[in-house]
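Have a look at the structure below before the remarks.
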Amino acid sequence: MNLSEKKELVADLNARLAESQITVLVDYKGLDVESMTTLRAELRKEGASMEVVKNTLLSMAAKGTDVSVIDDAFKGPNAIITSKDDPVAPAKVLVKFAKDNDKLEIKTAAMNGKALSMDEIKALATMPSREVLLAQVLSAMNAVPTSMVRVLNGVPTALVNVMNAIKDQKEAA
């Protein structure tokens with residue numbers, strides 16, 4: 001790869017890192033090609049991408065982005081996983097894959113300019129997906145007016161029931 005190709009790669013990677021909501025750094029040493037292909041396919045289904053980049057190029061591309069907080073972890077064989085849509089989905093895929101494949105080591109992640117530890121990545125993986133969270137918010141927003149209508153409807157209903165009881169009492173007398 002010549003210098004102009006490296007500059008182009010760094011610029012492209014910098015743009016992707018800048019728009020990424022989460023960037024996860026993993027050590028893939030020991031994984032066979034079939035496992036890597038399976039992992040990439042699972043990540044692709046969730047809107048994330050995985051690639052292996054030289055650490056020096058990755059370090060140059062990370063400058064000026066939120067990923068620069070994990071610059072010190074760019075040592076050894078690394079693959080980066082980026083997702084610009086949903087930060088939870090790639091974390092779920094990686095934690096599940098790492099549980100099934102002990103050769104994959106999740107090193108660290110960067111999200112919103114903050115470095116995430118392995119425990120934080122696992123916590124992120126246990127969160128519901130974006131769609132589920134939006135459905136829960138919508139359900140809560142819908143429940144408030146519905147409950148208010150029921151309460152407001154209860155007052156006239158109670159009044160009508162009292163008036164009917166009075167009417168029945170007078171008819172009986």
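For the stretch 54-67, a residue qualifies if it is under 10 Å from Val10 (Cα atoms) and touching a Leu at 6+ places or on another chain (Cβ under 9 Å), and the qualifying residues are Leu57, Leu58, Met60, Ala61, Ala62.
Only one of the listed residues (Leu133, Leu94, Leu57) is part of a helix (DSSP H, G or I), within 15 Å of the chain's Cα centre (by Cα) and closer than 26 Å to Gly30 by Cα. That residue is Leu94.
Of all positions in the stretch 54-67, none carries a residue that is in contact with a strand residue (DSSP E or B) (Cβ under 8 Å, 6 or more places away or on another chain), touching a residue at least 12 places away in the same chain (Cβ under 8 Å) and under 21 Å from Asp102 (Cβ atoms).
Yes or no, residue by residue, for (1) over 20 Å from Arg16 (Cα atoms); (2) surrounded by fewer than 16 Cβ atoms within 10 Å (Cβ to Cβ):
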{"position": "Arg44", "(1), (2)": "no, yes"}
{"position": "Leu58", "(1), (2)": "no, no"}
{"position": "Ile70", "(1), (2)": "no, no"}
{"position": "Gly76", "(1), (2)": "yes, yes"}
{"position": "Ile81", "(1), (2)": "no, no"}
{"position": "Val88", "(1), (2)": "no, no"}
{"position": "Met118", "(1), (2)": "yes, yes"}
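Which one of the conditions (1) at pLDDT below 90; (2) more than 23 Å from Asp85 (Cα to Cα); (3) not aromatic (Phe, Trp, Tyr) does Lys54 fail to meet, given that it meets all the rest? Every listed condition holds for Lys54 apart from (1). Among the residues here, Ala61 qualifies as farther than 19 Å from Leu116 by Cα and in contact with an Asp or Glu (Cβ under 9 Å, 6 or more places away or on another chain). For residues that are acidic (Asp, Glu) and without any contact (Cβ under 8 Å) to a residue 40 or more places away in the chain, tally how many sit in the stretch 72-123. Going through the stretch 72-123 one residue at a time, the tally reaches 5.
Here is a check on your reading of the model: is Ala109 under 22 Å from Ser20 (Cα atoms), surrounded by 12 or more Cβ atoms within 10 Å (Cβ to Cβ) and over 21 Å from the mean Cα position of the chain (by Cα)?
Details: under 22 Å from Ser20 (Cα atoms): yes; surrounded by 12 or more Cβ atoms within 10 Å (Cβ to Cβ): yes; over 21 Å from the mean Cα position of the chain (by Cα): no.
No.
Might you let me know whether the stretch 29-52 holds any residue that is on the phi > 0 side of the Ramachandran plot and touching a residue at least 60 places away in the same chain (Cβ under 8 Å)? Scanning the stretch 29-52 turns up at least one residue that is on the phi > 0 side of the Ramachandran plot and touching a residue at least 60 places away in the same chain (Cβ under 8 Å).
Any residue at all in the stretch 158-169 that is at pLDDT below 85 and assigned to a loop (DSSP other than H, G, I, E, B)? No, the stretch 158-169 contains no residue that is at pLDDT below 85 and assigned to a loop (DSSP other than H, G, I, E, B).
Got at least one residue in the stretch 68-81 being assigned to a helix (DSSP H, G or I) and among the polar types (S, T, N, Q)?
Taking the stretch 68-81 as the starting set, the residues that turn out to be assigned to a helix (DSSP H, G or I) are 68-73.
Add one more test, that the residue is among the polar types (S, T, N, Q), and what stays is 68.
There is at least one residue in the stretch 68-81 that is assigned to a helix (DSSP H, G or I) and among the polar types (S, T, N, Q).
The values are calculated or read from the model by the stated rules, or taken from the named source; none is laboratory data. Just so you know, these numbers come straight off a predicted model, no measurement behind them. A quick note on method: Cβ atoms are made from the backbone with ideal geometry, for glycine too, and the neighbour counts reach across all protein chains shown.
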